[in-house]
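Report on one structure; see the data block that follows.
The values are calculated or read from the model by the stated rules, or taken from the named source; none is laboratory data. Small disclaimer: the values here were computed from a predicted structure and weren't measured. Every residue, glycine among them, receives a Cβ derived from its backbone with ideal geometry; neighbour counts consider all protein chains shown.
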Amino acid sequence: MESKNFKIHNKSSKPDNIVKSENELINKCLSIEAQLPDFMRDYFIFLKNSISLSSRHAYLNDIVFFCKYLISNTNITTAGTTKEISVEEFNRIKARDVNRFIGDYCSRYLINKTDTTVVMENHNRALARKKSSLVSLFKFLYRDEIIKKNITDGFNPIKLPKPQPDAIKKLEIDEVAIMLDAVEKGIGLTEKEKQYWEKTKLRDKAILILLTTYGLRLNELHQLNISSFNFNRGEFKIYRKRGKEVNMPLNQSVEKVIKTYLKEERPNPESISEEHRDALFLSLQKRRMSKLSIRKLVKKYTSIALDTTRESGYSPHKLRATAASSLIQYGFSIYDVQNLLDHDNVTTTQLYAAHKKNVKREIVKNFEWLEE
């Protein structure tokens with residue numbers, strides 16, 4: 001749907017920009033569904049009502065990719081397009097066919113483009129997601145008696161590495177200070193970067209403070225509007241995964257950087273198009289900042305803190321890890337941090353607690369039974 005013809009009739013509590021982005025993702029899902037066989041129609045309804053929109057999109061992508069594989073790399077179907085695959089042909093699929101797809105084909109395959117060939121590699125985490133998509137599909141088709149056998153018990157297991165605290169990438173507290181010093185004074189920036197920094201330093205600082213204080217996900221920060229903030233109540237609203245609406249409390253530091261940015265640097269509302277007028281963080285073109293622009297901004301300033309190349313700087317998700325470990329180092333309980341960061345499981349938060357260096361040594365050192 002062309003944006004010039006797109007109008008929002010929004011009666012929900014969600015801001016228009018979120019409704020619009022969700023609608024764009026729904027249209028992508030519908031486009032993929034249109035490429036798949038009609039006997040999967042009830043499965044599409046199942047996905048729509050049982051998982052998040054982003055997961056639905058990911059599952060559909062995996063399934064259409066599997067169907068393309070059936071056509072190009074197997075003798076299971078004679079269909080010319082994924083839409084033409086018949087239910088009888090799907091009934092011929094055995095567990096070993098899926099195992100070959102996931103374990104052999106998906107681990108490394110080629111995509112031929114006009115002037116180059118791209119090598120695609122998937123490690124176990126990505127393969128496990130593809131397996132999960134197909135397990136969901138085949139179990140549903142069996143449950144609804146569309147296929148005759150439940151072949152999912154024969155799918156090979158995929159071992160995922162156990163998360164290790166030492167492998168978590170994050171900034172230390174002193175590195176956060178270096179990063180914030182860089183955004184305030186332009187230290188470590190090239191001459192070209194300083195030209196942009198002069199125009200965006202208050203915006204950039206507000207973004208980094210929000211990420212390191214609350215551990216916001218990239219999507220949560222990207223969706224923020226001016227109307228998300230209620231300074232009288234000292235809070236702002238974000239939308240978590242699965243559409244969960246949450247009010248976050250403002251502290252003095254965050255309130256100060258947001259107000260300073262709005263007052264001293266953000267363009268006059270009258271000069272901004274209606275579509276982007278409520279967006280909190282704007283590009284120099286006076287449009288809502290893209291997720292890619294935010295990623296590049298974060299990598300730039302974290303690379304200065306880490307004294308490394310721009311390419312080796314950290315992603316916004318690493319600042320989420322930074323927020324979690326910093327809060328725990330300051331003495332907050334893992335349950336409070338779990339609640340703030342919206343971790344589904346407290347074991348995720350416990351990984352950051354393990355970063356308290358030498359904590360066992362300090363405990364034992366200060367707990368002597370015998371006096372000298």
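Please indicate, with yes or no, whether at least one residue in region 22-35 is touching a residue at least 40 places away in the same chain (Cβ under 8 Å), crowded, with 17+ Cβ neighbours inside 10 Å and outside any loop (DSSP other than H, G, I, E, B). Spell out how you get there, then give the answer.
First, the residues of region 22-35 that are touching a residue at least 40 places away in the same chain (Cβ under 8 Å): 34-35.
Right, trim to crowded, with 17+ Cβ neighbours inside 10 Å and you get none.
The answer is no, given that none of the residues of region 22-35 is touching a residue at least 40 places away in the same chain (Cβ under 8 Å), crowded, with 17+ Cβ neighbours inside 10 Å and outside any loop (DSSP other than H, G, I, E, B).
Which members of region 183-225 meet the condition of being of a type in the set (A, V, I, L, M) and more than 22 Å from Y330 (Cα to Cα)? Show your work before the answer.
Residues of region 183-225 of a type in the set (A, V, I, L, M): 183, 187, 189, 202, 206-211, 216, 218, 221, 224.
Result: V183, I187, L189, L202, L218, L221, L224.
What are the residues in region 187-232 that are closer than 19 Å to H343 by Cα and among the hydrophobic types (A, V, I, L, M, F, W, C), if any?
Of everything in region 187-232, those that are closer than 19 Å to H343 by Cα and among the hydrophobic types (A, V, I, L, M, F, W, C) turn out to be L210, L211, L216, L218, L221.
Out of the residues in region 133-163 that are under 28 Å from the mean Cα position of the chain (by Cα) and among the hydrophobic types (A, V, I, L, M, F, W, C), which is modelled with the lowest pLDDT?
The qualifying residue modelled with the lowest pLDDT is L160.
Inspect region 85-95 for any residue being hydrophobic (A, V, I, L, M, F, W, C), exposed (fewer than 15 other Cβ atoms within 10 Å of the Cβ) and assigned to a helix (DSSP H, G or I) and give the result as yes or no.
In the first step, residues of region 85-95 are kept if they are hydrophobic (A, V, I, L, M, F, W, C); the result is 85, 87, 90, 93, 95.
With exposed (fewer than 15 other Cβ atoms within 10 Å of the Cβ) added as a condition, the list becomes 87.
Narrowing further to those that are assigned to a helix (DSSP H, G or I): 87.
Yes, region 85-95 contains at least one residue that is hydrophobic (A, V, I, L, M, F, W, C), exposed (fewer than 15 other Cβ atoms within 10 Å of the Cβ) and assigned to a helix (DSSP H, G or I).
Name the single residue that is nearest to Y239 (Cα to Cα) among those in region 299-325 being in contact with a Gly (Cβ under 9 Å, 6 or more places away or on another chain) and among the hydroxyl-bearing types (S, T, Y).
In this case the residue turns out to be T322.
Is it the case that some residue within region 123-130 is modelled with pLDDT under 95, of a type in the set (S, T, N, Q), part of a helix (DSSP H, G or I) and surrounded by 11 or more Cβ atoms within 10 Å (Cβ to Cβ)?
Looking through region 123-130, at least one residue is modelled with pLDDT under 95, of a type in the set (S, T, N, Q), part of a helix (DSSP H, G or I) and surrounded by 11 or more Cβ atoms within 10 Å (Cβ to Cβ).
Got at least one residue in region 206-227 being over 30 Å from L47 (Cβ atoms), assigned by TED's automatic domain parsing to the domain that holds Y330 and not in a helix (DSSP H, G or I)?
no
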